[in-house]
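Enquirer: Please read through the structure below; I'll follow up with questions.
Only the coordinates and a few stated rules stand behind these numbers; no lab work does. Treat the numbers as computed from the prediction; the structure is a model and nothing was measured. Cβ atoms come from the backbone with ideal geometry, glycine included; neighbour counts cover every protein chain shown.
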Amino acid sequence: MRVKRGGAAAWRVEEDTLIVEGEFYALSSGINGGFGRVEHLFNHTVSGGEVESPQECVERVAERFGMRRYFGLLTAVPMHRLCAVERDELQVFVTAGIDNPNPRVGTINIIAVIDAELPEGAMVNAVITATEAKCHTLIEMGFRFTGTCTDAVIIAKTGRGERHTYAGPRSRLGRKLWEAVKAGIARSLEK
């Protein structure tokens, strides 16, 4: 296991889990999500019998790695398909798998860490930008759907650096997020 340091946060893949560490204020659409101050963000690859209760699975992963303040996501996508993309103050982590309609669940999970300050409205806007970029990429790649039933997004800010009041794709930050998400999804699907 090797810890990688990027612009906003240290991260590593341990066993079947991406772990991102730092001091964040984050927004998660995942299990036990919402807004909150967290020290860990994770994306965990589940095995077949591990998901009787997604909430219990998230809690077990957090306990296994000693995480107390966290947002966690679950995926069926193996971590060798993880794609990490950096753009200045932005780090984006994507695992993308698609089976739609879902005889087996595919999942596209996006974690974006922004080394900057954003109000909550801009964080919500960043979720929209990341989702639109995901949809655009899938359509460009020839798929006839814009996501799977279990896709999730985490937007985390450090509160340091520049203040961004907007994160739509026409803003400087939004454009970087758009490009990073598109690159991450395309690369993850091609692995």
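Enquirer: What's the longest piece of the chain with no exposed GluC sites (Glu not before Pro), counting a site as exposed if DSSP puts it in a loop and it has at most 14 other beta carbons within 10 Å? Could you put the intermediate results ahead of the total?
Expert: Details: sites that count: GLU15, GLU52, GLU162.
The segment 53-161 is the longest one with no such site.
Enquirer: Work out which helices of the chain, taken as complete DSSP H runs, extend at least 18 Å along their axis over the Cα atoms and score a mean Kyte-Doolittle of -0.5 or more, then list them.
Expert: Working: long enough: 120-140 (30 Å, 0.44); 172-190 (27 Å, -0.28).
Result, helices passing both filters: 120-140, 172-190.
Enquirer: In what sequence do LYS191, LYS134 fall when counting other Cβ within 10 Å, fewest first? Before the final figure, lay out the partial values.
Expert: Values: LYS191 12, LYS134 23.
Placing the least packed residue first, the sequence is LYS191, LYS134.
Enquirer: Per 0.36 nm of contour for each residue apart, how much would the distance between ALA10 and CYS149 grow if the chain were fully extended, relative to their Cα-Cα spacing?
Expert: On the way: separation 139, 0.36 × 139 = 50.04 nm, distance 2.96 nm.
Here the answer is 47.1 nm.
Enquirer: 5 Å is the cut-off here: which amide hydrogens, built 1.01 Å from N in the peptide plane, fall below it relative to GLY30, excluding neighbours closer than 5 in sequence?
Expert: Residues meeting the amide H criterion: VAL153.
Enquirer: If you filter the range 21-92 for trypsin sites (Lys or Arg not before Pro), then keep DSSP loop positions with at most 15 other Cβ within 10 Å, what is left?
Expert: On the way: sites: ARG37, ARG60, ARG64, ARG68, ARG69, ARG81, ARG87; in loops: ARG68, ARG69.
Sparse-neighbourhood loop trypsin sites (Lys or Arg not before Pro): ARG68, ARG69.
Enquirer: Follow-up. Label VAL124 and ALA186 with points 7 Å out from Cα along Cα→Cβ: what is the distance between them in nm?
Expert: That separation, rounded to one decimal, is 3.1 nm.
Enquirer: At 222 nm, what helix-only mean residue ellipticity would the chain give, in deg cm²/dmol to the nearest 500, using -39500 (n - 2.57) for each DSSP H run of four or more?
Expert: On the way: 3 runs with 51 residues, N = 191.
-9000 deg cm²/dmol, from helical runs alone.
Enquirer: Same structure again: Quick check: residue separation of GLU140 and ARG160 times 0.36 nm, minus the Cα distance between them. What number comes out in nm?
Expert: On the way: separation 20, 0.36 × 20 = 7.20 nm, distance 3.48 nm.
Length gained between GLU140 and ARG160: 3.7 nm.
Enquirer: Continuing with the same structure: Identify all aspartates and glutamates with a Cα-Cα distance to LYS176 below 15 Å; exclude those on the same chain that are fewer than 8 residues away in sequence.
Expert: Cross-link targets: GLU86, ASP88, GLU89, ASP115, GLU132, GLU162.
Enquirer: Another question, then. Based on other C-beta atoms within 10 Å, arrange THR45, THR165 from fewest to most.
Expert: Details: THR45 22, THR165 12.
Neighbour counts put them in this order, fewest first: THR165, THR45.
Enquirer: With contacts defined as alpha carbon pairs under 8 Å and 6 or more residues apart, what's the relative contact order of the range 4-190 in percent? The partial results should precede the final answer.
Expert: On the way: 431 pairs, mean separation 42.9, N = 187.
That works out to 23 percent.
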